[in-house]
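Asks: Dumping the structure here so I can ask a few things about it.
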Amino acid sequence: MSSSVTTALYIGGEERKTSETMAIADPAKPGVVVGHAASATTKDVDDAVAAAKAAYPAWSALTPQQRAEHMKAAIEGVPDSPNPFASEDGALLSQENGKVRLEGWVDALVLQIRWNLALMHADEVGEAKVLKPVPGHIPTETTVSYQALGVVSIIVPFNWPIAILGAALPHALLAGNTVIVKPPLTAPLATARVVQRIAEKLPPGVLNVVTGHDANMAALIQNNDVAKVCFTGSVGGGKKMMEMASQSLTRVTLELGGNDAAVILEDAILDDTHLDRLFAAIYDTTGQICMNAKRIYVHRSRMDEVVKGLADRLSKTKLGYGLDQDTTMGPLHSPMQKKFVEEL
């Protein structure tokens, strides 16, 4: 990939360049700039909300099946290549994130898989369900139906930014909402490119992308026209989202960091398959996943097996540049991440 990669905002079906841009660093090569991302002003963010609001009536008026047809066409070309080592999106994400190139490609593949799984629910979205009375209780029937909310903001983190979109974006669109995606501040390039390609195949304003500094992004949470915020990130970030959303009583869904434990019992199966899974559960993405195992509790009788199994796998790990095909673990994403790990 070239260092000339530049991404714009995408608002109301049009690219929008900004007077200021953000230089995006390569975590494996200090001082090397991967590319530049547009830096949105507060007006740009307000315009994105307005564009999404304007597109909402027509998009929500379509049947779920009609929206699914639009979405099925829009996801074509994600990932951008069937070959992980020919994918430009995967290479770009590797450079700005630090992850190995294969994982950068899988990031987009997961979005495609989750997208298509969401489309399988098209017939359910427009259907009401009737819950019959419970025998012996109040003889009432309850009807459950679904309706779109309006404008939804989706804010994703640096570690799996494209894949994590798949947990919210296709469902929001299928339900009839319009969306603004905010890629991660320190690795926005690949995500912005992928989302824009999808957005270009949808009606203008249905899907928008804004990148930039957090200080200019308040409208994604506090604008009265935003009906819901989906945020994935740190616990500290989640607290800030909830605090900001409380001012406007905006609905918030938070997926935050964890302190996950792996428990190895006395009768655990510790063959190569299971030790490989344990190793991956700890060290995938250089350990930078919210559900990575951070603690391991092992029955004393199995301690030596677990230590040896993990040590053997660590000894075969190839640390290096994510674009090198023999690299199996890339660098930590940023100096901030490195400092955090060192202080654990």
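The values are calculated or read from the model by the stated rules, or taken from the named source; none is laboratory data. Predicted model only: the values in this text are computed from it and were never measured. Because the Cβ atoms are built from the backbone with ideal geometry, glycine has one as well, and the counts that use them run over all protein chains shown.
Asks: Is there a residue in segment 301-312 that is assigned to a loop (DSSP other than H, G, I, E, B), modelled with pLDDT of 95 or more and touching a strand residue (DSSP E or B) at 6+ places or on another chain (Cβ under 9 Å)?
Replies: no
Asks: Working only within segment 283-310, note down all residues that are out of contact with any helix residue (DSSP H, G or I) (no Cβ under 7 Å at 6 or more places or on another chain) and within 21 Å of R101 (Cβ to Cβ).
Replies: Within segment 283-310, Y283, D284, T286, G287, I289 meet the criteria.
Asks: With respect to K239, determine if the residue is of a type in the set (K, R) and touching a Gly at 6+ places or on another chain (Cβ under 9 Å).
Replies: So K239 fails the test.
Asks: While we're on this one: Could you list, in sequence order, all residues of segment 228-287 that are assigned to a loop (DSSP other than H, G, I, E, B) and either within 16 Å of A167 (Cβ to Cβ) or aliphatic (A, V, I, L, M) (or both)?
Replies: Looking only at segment 228-287, we keep the residues that are assigned to a loop (DSSP other than H, G, I, E, B), and these are 234, 247-250, 257-260, 265-271.
Correct list: L249, G257, G258, L265, A268, I269, L270.
Asks: What are the residues in segment 127-166 that are surrounded by 19 or more Cβ atoms within 10 Å (Cβ to Cβ) and small (G, A, S), if any? Break it down into steps so the answer makes sense when it comes.
Replies: Looking only at segment 127-166, we keep the residues that are surrounded by 19 or more Cβ atoms within 10 Å (Cβ to Cβ), and these are 148, 151-166.
Passing the criteria: A148, S153, A163, G166.
Asks: Quick one: in segment 228-261, of everything that is among the aliphatic types (A, V, I, L, M) and within 15 Å of F158 (Cα to Cα), which residue is surrounded by the fewest Cβ atoms within 10 Å (Cβ to Cβ)? Spell out the reasoning first.
Replies: First, the residues of segment 228-261 that are among the aliphatic types (A, V, I, L, M): 229, 235, 241-242, 244-245, 249, 252, 254, 256, 261.
Now restrict to residues that are within 15 Å of F158 (Cα to Cα): 235, 256.
Working: V235: 13, L256: 16.
Taking the candidates together, the pick is V235.
Asks: So which residues in segment 215-235 are within 25 Å of I24 (Cα to Cα), under 19 Å from the mean Cα position of the chain (by Cα) and either modelled with pLDDT of 95 or more or of a type in the set (S, T, Y) (or both), if there are any at all?
Replies: M217, L220, I221, C230, F231, T232, S234
Asks: Further question: Just checking: which of the helices (runs of 4 or more DSSP H) contained wholly in segment 21-138 hold 1 or more residues that are farther than 28 Å from G212 by Cβ and under 18 Å from the mean Cα position of the chain (by Cα)?
Replies: Those helices (runs of 4 or more DSSP H) span 101-119.
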